[in-house]
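Just below is one structure, and these are the notes that go with it.
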Amino acid sequence: MPAPTAVTATTISSDPQSYEDEHVHAVYDEIAPHFSSTRYKPWPIIARFISSIPAGWVGLDSGTGNGKYLPLPLDRPGEIWTVGMDRSRNLLSIARKAGEGDVVREVVWGDVLGNPWRNGSFDYTISIATIHHLATSARRKAAVQRLIQSVSPSHGRGLIYVWAIEQDGLSKRSIPSEGTEDDTQNPGQDVFVPWVLASQSPKAKPKARSKGNEDRLPEQNEISKPPGEAAEGEPQPKVFNRYYHMFAKGELAALLYEAAESLGLEVGPKPTDQITT
Amino acid sequence: MVRLITHNLLACHAKGCTTNNFPLQFKDVSIELREAEFNADFLKGLLPRIEWKALVDAARQLGDTSLPLEQPEMVDDEFLKNLHHVLLEMHIEEGAMVCPNCSHVYAISNGIPNMLLSEHEIA
């Protein structure tokens, strides 16, 4: 039996919608406060993207989680406005207060497969570590279509991040090697990534994290304490398995290309994954 | 949160509801006023992309008549202050938004609008 903290392969056993309800939505609602306490620092690549946005632009953070990107850019507060959307109501309650002080953020309870916006009404959109929670390729493509439709056809910009199979040496996760990553029809791999909910410290402070990892690998440092180290008599930590589709190399670029084409858009030079190693 | 900046972006996305699905109409709303930091550069940059009539109508529905029916050609400080207040300082905390076309009701609770539809309801 694998350790509770190991990433394990999985297959979608029910219809994708109820599968996501059970293995994504319910989990995030349950772990929201703990999850948020470990997700306080923006990744520099996304912070740089947001810093490049001109004054007066309005953006959508699709899958905003605890809203850590909503206050950015910190050096130009209020010059741009990012609206956060998420499927988890409990995370949204946290996102609403994201950032320093008592500034209230704009958040909307919604699904990345829905389209509750005037077409093309946003100037930019980000979707960070979200689309990989959708359980079929068709659903991931639909989510990308929604993102494209949400931004202005004349000047819209977007940034999508997902979890990749290929990791650099900094990753602490070991990825099961069996699976379908060489299958061109079904690239990528479906996995469970466990979340260990530490039961003893409700007001656990965010832990200092080693520099350098933050850039690329959001998911690696979330386990505050391996269950094996729990002292006798302490309640056992609860483990939640979150579903992820880990993307193969080139898979996100291909998905973006298909989504754009299916909307009748002309795509420039075929995009490639921007892998920063 | 629903402030009018967000309301100006939201549209009904129920299946088959593709025309006259914007702007959503407020119903039984309660409002809180909270000061927000004024940023003229943001407002000036945003102006060309606001759906003006929808904003003015929504503000009037909420009892604020400070904005002119037509977007002014000359932007002065008083206008920007009024725009700032309408867009960013009026928070709709409770109530609902109703689609003018299909009458679908999107509830607002604790300042968060519920735009979720079940998958068979999505276009």
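The values are calculated or read from the model by the stated rules, or taken from the named source; none is laboratory data. Computed from a predicted structure; not experimentally measured. Cβ coordinates were reconstructed from backbone atoms using ideal geometry, including for glycine residues, and neighbour counts include every protein chain displayed. Only protein heavy atoms, including side chains, enter the accessible area calculation; ligands, DNA and RNA are left aside. Shrake-Rupley method; radii C 1.70, N 1.55, O 1.52, S 1.80 Å.
General remarks:
- Residue check, B:Ser66 in contact (Cβ under 8 Å) with a residue 60 or more places away in the chain, surrounded by fewer than 19 Cβ atoms within 10 Å (Cβ to Cβ) and among the hydroxyl-bearing types (Ser, Thr, Tyr): no
- Boolean, A:Asn119 is in contact (Cβ under 8 Å) with a residue 24 or more places away in the chain and in a loop (DSSP other than H, G, I, E, B): yes
- Filter pass, B:Leu55 being aliphatic (A, V, I, L, M) and loosely packed, with under 14 Cβ neighbours inside 10 Å: no
- Residue in segment A:37-50 that is in contact with a Gly (Cβ under 8 Å, 6 or more places away or on another chain) and modelled with pLDDT under 95 present: yes
- Pairs where the first residue, in segment A:21-33, is of a type in the set (Ser, Thr, Tyr) and the second is surrounded by fewer than 21 Cβ atoms within 10 Å (Cβ to Cβ), C-beta under 8 Å, 6+ apart: A:Tyr28/A:Asn90; A:Tyr28/A:Arg242
Yes/no per residue for (1) free of Cβ contacts under 8 Å to residues at least 24 places away in the same chain; (2) touching a helix residue (DSSP H, G or I) at 6+ places or on another chain (Cβ under 9 Å); (3) under 30 Å from A:Leu74 (Cβ atoms); (4) among the hydroxyl-bearing types (Ser, Thr, Tyr):
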{"residue": "B:Phe26", "(1), (2), (3), (4)": "no, yes, no, no"}
{"residue": "B:Leu33", "(1), (2), (3), (4)": "no, yes, yes, no"}
{"residue": "B:Asp57", "(1), (2), (3), (4)": "no, no, no, no"}
{"residue": "B:Glu73", "(1), (2), (3), (4)": "yes, no, no, no"}
{"residue": "B:Val86", "(1), (2), (3), (4)": "no, yes, yes, no"}
{"residue": "B:Glu89", "(1), (2), (3), (4)": "no, no, yes, no"}
{"residue": "B:Ile92", "(1), (2), (3), (4)": "no, yes, yes, no"}
{"residue": "B:Met115", "(1), (2), (3), (4)": "no, no, yes, no"}
{"residue": "B:Ile122", "(1), (2), (3), (4)": "no, no, no, no"}
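- The listed residue being within 13 Å of chain B (Cβ to nearest Cβ), farther than 21 Å from B:Met115 by Cα and open to solvent by less than 30 Å² (accessible area, probe 1.4 Å), out of A:Gly56, A:Gly84, A:Gly67: A:Gly56
- Tally, over segment B:15-25, of residues that are among the aromatic types (Phe, Trp, Tyr) and either under 11 Å from B:Glu94 (Cβ atoms) or open to solvent by 60 Å² or more (accessible area, probe 1.4 Å) (or both): 0
- From the options B:Glu89, B:Glu37, residue that is within 14 Å of another protein chain (Cβ to nearest Cβ) and modelled with pLDDT under 95: B:Glu37
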